[in-house]
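The values are calculated or read from the model by the stated rules, or taken from the named source; none is laboratory data. As the structure is a prediction and not an experimental result, all values here were calculated from the model. Ideal geometry is used to build each Cβ from the backbone, glycine not excepted, and the neighbour counts take in all protein chains shown.
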Amino acid sequence: MTQLPTPAALPLIPYDGASFNLKAALAGKSPETQRKYIDWLRLFFAEAVGVQIQNVEAIPIRPFIETVTPATVEVWLGQYASEGHSKSGLGQARAAIIFMARTLVLAKQAPSAFWHDLKLVALPDHAATAAYGESAGENTGARWLSPDEVKLLIRTARNNRNAPKGARDVSLIWLMVTLGLRRDEVAKLKWENLSRRGAKWVMRIHGKRNKWRAVDVPAETIVALQPWARVISDGANVLPSGFLLRRVFRSGKISHQGITGNAVWRIVTDVWEQTNMVGDLAPHDLRRTAAAIALEAGATDREIQRMLGHSSIETTHRYLAPMKENTATYRIAEMIADDEDAFFNT
């Protein structure tokens with residue numbers, strides 16, 4: 001497989017003014033699918049086509065048709081697979097590209113062969129397969145962190161030279177680890193989702209298949225969010241409005257727009273690399289960490305199901321199975337341990 005050319009190395013293609021209204025084409029799909037398709041196509045256009053999408057209602061057609069081939073798409077997907085992206089996520093990226101090609105063909109803007117050729121694109125064999133609800137077999141690479149590793153991750157995020165970015169990243173990690181959020185769920189959060197019910201704080205979460213759930217927010221998480229809230233509010237000790245997590249520029253300036261699920265991926269992997277700990281870490285591993293710590297603390301499968309937003313308890317059982325397998329040996333040891341067996345303490 002050939003190396004994907006950088007946008008700068010791509011040939012200049014005259015823009016003839018013809019454009020594609022992606023927003024209108026996606027009108028029949030769910031809001032979540034619309035957002036994911038747009039996110040993936042923005043990345044694909046920037047990285048493989050060499051065009052920054054400024055307006056999803058006017059995407060230039062000719063650069064897409066003239067540049068994109070099945071090989072281009074497979075190389076691009078392969079790069080994301082090598083970074084640890086799951087097959088389900090890459091499948092959505094592939095579907096977004098093929099959707100756009102099909103729509104152009106139906107609109108008589110591209111030859112039918114263009115769409116049919118792109119349907120031949122195969123997902124990379126080495127994409128991560130440890131999606132939620134799957135048991136962690138020896139090839140999945142699923143992991144979860146210990147409390148000490150979580151603390152190190154948070155300290156590393158907090159020490160960022162870009163103080164606003166550090167405050168945001170700390171908030172992101174706390175939310176994912178204590179509430180068990182998916183990366184797309186945490187990206188969509190707004191301050192308006194956070195409310196007080198008596199002595200408790202509650203977060204309303206917009207989950208998969210357009211379902212909502214309410215999760216109690218620990219007081220420690222509220223405290224962890226306060227530095228970021230003050231940054232957004234120019235130092236005021238008030239609850240902000242709008243997107244909870246936002247893009248932070250190198251200058252420290254904060255955008256009013258939210259971040260994407262892919263941005264969550266980059267934030268988590270970047271902070272993890274700075275810890276110098278062994279192995280890789282994906283956002284979903286923080287969700288697993290929430291489940292593992294809850295399980296260790298004595299939470300029932302039903303309680304963990306409600307936190308994670310699983311529709312079926314069977315999904316939660318499969319999700320927790322590897323964690324229970326790994327803790328069984330410790331439970332046995334606790335039952336038979338004797339002070340005389342403290343070999344390493346002598």
- [ ] Kindly indicate whether any position in region 234-252 is within 30 Å of K29 (Cα to Cα), assigned by TED's automatic domain parsing to the domain that holds L152 and more than 21 Å from the chain's Cα centre (by Cα).
- [x] yes
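Just to be sure I understand, how many residues within region 274-298 are surrounded by fewer than 17 Cβ atoms within 10 Å (Cβ to Cβ) and assigned to a loop (DSSP other than H, G, I, E, B)? Walk me through how you get there before you give the answer.
Initial filter on region 274-298 (surrounded by fewer than 17 Cβ atoms within 10 Å (Cβ to Cβ)): 274-280, 296-298.
Within this subset, residues satisfying the condition of being assigned to a loop (DSSP other than H, G, I, E, B) are 276-280, 297-298.
Number of matching residues: 7.
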Open item on the list: Just checking, does region 145-152 include any residue being assigned to a helix (DSSP H, G or I), under 22 Å from G242 (Cα atoms) and modelled with pLDDT under 95?
Closed with: no
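Where residues in region 102-116 are outside any helix (DSSP H, G or I) and small (G, A, S), which of them is surrounded by the most Cβ atoms within 10 Å (Cβ to Cβ)? Write out each step before concluding.
Looking only at region 102-116, we keep the residues that are outside any helix (DSSP H, G or I), and these are 107-111.
Then drop every residue that is not small (G, A, S), which leaves 107, 110.
Numbers: A107: 12, A110: 21.
For region 102-116, the residue satisfying everything is A110.
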Task: Residues satisfying the stated conditions in region 207-237, i.e. in a loop (DSSP other than H, G, I, E, B) and surrounded by 10 or more Cβ atoms within 10 Å (Cβ to Cβ) - done: G207, K211, P218, S233, A236
Task: Selection status of N262, of a type outside the set (A, V, I, L, M) and farther than 15 Å from D169 by Cα - done: no
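Condition test on K208, is it within 24 Å of Y319 (Cβ to Cβ) and of a type in the set (K, R)?
Numbers: within 24 Å of Y319 (Cβ to Cβ): yes; of a type in the set (K, R): yes.
Yes; evaluated as a whole, the condition is true for this residue.
The rows are residues; the columns are (1) over 21 Å from R266 (Cα atoms); (2) assigned by TED's automatic domain parsing to the domain that holds A24; (3) not in a helix (DSSP H, G or I).
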position: L41; (1), (2), (3): no, yes, no
position: F44; (1), (2), (3): no, yes, no
position: N55; (1), (2), (3): yes, yes, yes
position: F64; (1), (2), (3): yes, yes, no
position: T72; (1), (2), (3): yes, yes, no
position: G89; (1), (2), (3): no, yes, no
position: A93; (1), (2), (3): no, yes, no
position: A96; (1), (2), (3): no, yes, no
position: M100; (1), (2), (3): yes, yes, no
Task: All positions within region 250-273 that are surrounded by fewer than 19 Cβ atoms within 10 Å (Cβ to Cβ), part of a helix (DSSP H, G or I) and either in contact with a His (Cβ under 9 Å, 6 or more places away or on another chain) or in contact (Cβ under 8 Å) with a residue 24 or more places away in the chain (or both) - done: A263, T269
Task: Matching residues, region 80-108, being under 19 Å from the mean Cα position of the chain (by Cα), among the charged types (D, E, K, R) and modelled with pLDDT of 85 or more - done: R94
Open item on the list: Residue pairs, Cβ under 6 Å, 6 or more apart or interchain, first in region 64-88 and in contact (Cβ under 8 Å) with a residue 12 or more places away in the chain, second part of a loop (DSSP other than H, G, I, E, B) and of a type outside the set (A, V, I, L, M). List them.
Closed with: L77/P124; G78/P124; A81/P124; A81/H126; G84/D280; K87/T129
